[in-house]
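Written below as C-alpha cells is the structure these notes are about.
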Amino acid sequence: MSSHSYISNSRNKNIFISVNGELFHRSEAKISVFDSGFLLGDGVWEGMRLHQSKLVFIEEHLDRLFSSAKGISLNIPFSKQYIVDEIYKVLDKNKMDDDIHIRLVISRGNKITPYQNPNANEGPINIVIIPEYKKTDPKTYSNGLSIGRVPNIRPNESILSPHFNTLSKLNCILASIEANKLGYDEGIMNDLNGNISTCNSTNLFFIKNGEVLTSSGKYCLKGITRSKAILVCNKNNIKCSETDFTFEDIYNCDEAFLTGTFAGIIPVSILENRKLKSTNSDSLVNKIRNYYNKEIQMYLG
C-alpha cells in the first residue's frame, strides 16, 4: 500500500500522450536521450486531477509550476492558458472526463552533449503531458498507511529549495527506499534542524488532543492539498498550527494524515508500530477529509 495506490485500468494501455504539442500513442511517445530531464533531472513538473471535466485547482498548480521554473532559471515560453489548452487537447483525444491524473513535465530541452551546464542546451524546452485513468484504491482510506522516520533529510534553499517541484527527486526517492527497507509505506523526513518536515511524497499532519499540527512549511513542498487542508481546518474551527516540532513532540499523537494531489487526505493508521485512530469512522481525519472533498465539489460548481 502507498499514498499512490490505485485501481488498475486497462484503458491506460492505449492512451495518447502529448510530446511538444504532438499526440502519440503510449507505445510511440518518446523523448530524446539528450533531454535535460533524462540526463540530469533538470526540469519541473506538476501532478493534476481532472474531475467532472474540470482541472481541479488548476490555478494553484500552474502558479507553482511557473514559480518552480523561475526558481531554477528555466524559462517557460508559453502562457498558462496555452498549457491548459494543451492539456485539454490530449484529454479530448483520449475522451477523458473524470477520475483522471495528469503528469505535466517540462525539461530544459535537449543538449548537444551530456553536460551539466545549460550552455550545452541547443533548443527549446520539452513539454510532456501524460493523462491516465487513475482512481485511488479505496483500501488507502479504509486501512490507512504506516509511516516512520528515515535518515534522509530535506535540503534548504542553499542546497536546493524544497519549494521547487523539480525533476531532481533523488532526495525523496532515497527516503522512499529507506522507508521500504524499514517496512513503512512512507518515510518521515526531518529538516536540517531536526524538526519534522514532510514525508517522501506527501505532506504530513498530526492530531493531538483535537488539535492539528503540521510543519512550518520552510522545508517541504508547497503542497496544493496541504494548503487546502489548512484552509478547511480554519474554515471549520479546527485548530491547526504550522510550527517547528520534533518526533518526540508527536509520538503519542491520536491521529495523523498525509496530503497529496492524487489521493487527497490520506489517514495514517500506524506510526512506527503504534496504531492510531485515524481510520475510525468518527476520527477527525475523516471529518477533515469530508471537508476537503466538499471543497473540491464547491470548486467544480
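The values are calculated or read from the model by the stated rules, or taken from the named source; none is laboratory data. Given the structure is predicted, the values throughout are model-derived calculations rather than measurements. Reconstructed Cβ throughout: ideal geometry from the backbone, glycine too, with neighbour counts over all protein chains shown.
Hey, any hits in region 181-188 for a residue that's at pLDDT 95 or above, part of a helix (DSSP H, G or I) and at negative phi?
yes
For Lys218, state whether it is surrounded by fewer than 19 Cβ atoms within 10 Å (Cβ to Cβ), in contact (Cβ under 8 Å) with a residue 12 or more places away in the chain and among the basic types (Lys, Arg).
In short, yes.
Between Ser201, Ser197, Ser227, which is small (Gly, Ala, Ser), over 23 Å from Ser269 (Cβ atoms), modelled with pLDDT of 95 or more and under 18 Å from the mean Cα position of the chain (by Cα)? It would help to see each step written out before you state the result.
Working: Ser201 fails: over 23 Å from Ser269 (Cβ atoms); Ser197 fails: over 23 Å from Ser269 (Cβ atoms).
Result of the check over Ser201, Ser197, Ser227: Ser227.
Looking at region 45-60, which of its residues are exposed (fewer than 14 other Cβ atoms within 10 Å of the Cβ) and under 17 Å from Asn94 (Cβ atoms)?
Applying the first criterion (exposed (fewer than 14 other Cβ atoms within 10 Å of the Cβ)) to region 45-60 yields 52-53, 59.
If the condition is that a residue be exposed (fewer than 14 other Cβ atoms within 10 Å of the Cβ) and under 17 Å from Asn94 (Cβ atoms), then Gln52, Ser53 are the ones that fit.
In the set Asn293, Asn273, Asn209, Asn236, which member is among the polar types (S, T, N, Q), surrounded by fewer than 22 Cβ atoms within 10 Å (Cβ to Cβ) and in contact with a helix residue (DSSP H, G or I) (Cβ under 6 Å, 6 or more places away or on another chain)?
Details: Asn293 fails: in contact with a helix residue (DSSP H, G or I) (Cβ under 6 Å, 6 or more places away or on another chain); Asn273 fails: in contact with a helix residue (DSSP H, G or I) (Cβ under 6 Å, 6 or more places away or on another chain); Asn209 fails: in contact with a helix residue (DSSP H, G or I) (Cβ under 6 Å, 6 or more places away or on another chain).
None of the other options fit; the residue is Asn236.
Give me the pairs, please: first residue somewhere in region 186-210 and more than 20 Å from Phe164 (Cβ to Cβ), second residue anywhere and at pLDDT below 95, beta-carbon distance under 8 Å, and either six or more positions apart or on two chains.
Glu186/Ser2; Glu186/Ser3
Picking from Ser8, Ser32, Ser67, which residue would you name as being small (Gly, Ala, Ser), more than 30 Å from Asn143 (Cβ to Cβ) and more than 18 Å from the chain's Cα centre (by Cα)?
Numbers: Ser8 fails: more than 30 Å from Asn143 (Cβ to Cβ); Ser67 fails: more than 18 Å from the chain's Cα centre (by Cα).
The unique qualifying residue is Ser32.
Taking into account only those residues within region 282-299 that are of a type in the set (S, T, N, Q) and either at pLDDT below 95 or under 19 Å from Ser269 (Cα atoms) (or both), which is farthest from the chain's Cα centre (by Cα)?
Ser283
Would you check if Ser146 is touching a Ser or Thr at 6+ places or on another chain (Cβ under 7 Å), closer than 23 Å to Asn200 by Cβ, in contact (Cβ under 8 Å) with a residue 40 or more places away in the chain and in the same structural domain as Asn20 (by TED's automatic domain parsing)?
Answer is no for this residue.
Restricting to region 6-65, count the residues that are assigned to a helix (DSSP H, G or I) and among the polar types (S, T, N, Q).
Of all residues in region 6-65, those assigned to a helix (DSSP H, G or I) come to 10-14, 26-28, 36-40, 58-65.
Retained after the next criterion (residues that are among the polar types (S, T, N, Q)): 10, 12, 14, 27, 36.
Residues flagged as assigned to a helix (DSSP H, G or I) and among the polar types (S, T, N, Q) within region 6-65 amount to 5.
Would you point out which residue out of Asp63, Asp85, Asp42, Asp99 is surrounded by fewer than 20 Cβ atoms within 10 Å (Cβ to Cβ) and over 23 Å from Ser227 (Cβ atoms)?
Asp85
Residue by residue, here is whether (1) of a type in the set (Gly, Ala, Ser); (2) over 22 Å from Ile100 (Cα atoms); (3) assigned to a strand (DSSP E or B) holds:
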position: Leu213; (1), (2), (3): no, yes, yes
position: Cys220; (1), (2), (3): no, yes, no
position: Ile238; (1), (2), (3): no, yes, no
position: Phe257; (1), (2), (3): no, yes, yes
position: Ile265; (1), (2), (3): no, no, yes
position: Asn280; (1), (2), (3): no, yes, no
position: Lys287; (1), (2), (3): no, yes, no
position: Tyr292; (1), (2), (3): no, no, no
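Of the residues Ser32, Ser53, Ser36, Ser5, which single one is touching a helix residue (DSSP H, G or I) at 6+ places or on another chain (Cβ under 7 Å), touching a residue at least 24 places away in the same chain (Cβ under 8 Å) and among the polar types (S, T, N, Q)?
Result: Ser5 is the single residue among Ser32, Ser53, Ser36, Ser5 that is touching a helix residue (DSSP H, G or I) at 6+ places or on another chain (Cβ under 7 Å), touching a residue at least 24 places away in the same chain (Cβ under 8 Å) and among the polar types (S, T, N, Q).
Return the only residue of Thr279, Thr243, Thr198, Thr214 being touching a Gly at 6+ places or on another chain (Cβ under 7 Å) and polar (S, T, N, Q). Walk me through how you get there before you give the answer.
Working: Thr243 fails: touching a Gly at 6+ places or on another chain (Cβ under 7 Å); Thr198 fails: touching a Gly at 6+ places or on another chain (Cβ under 7 Å); Thr214 fails: touching a Gly at 6+ places or on another chain (Cβ under 7 Å).
When all the criteria are applied, what remains is Thr279.
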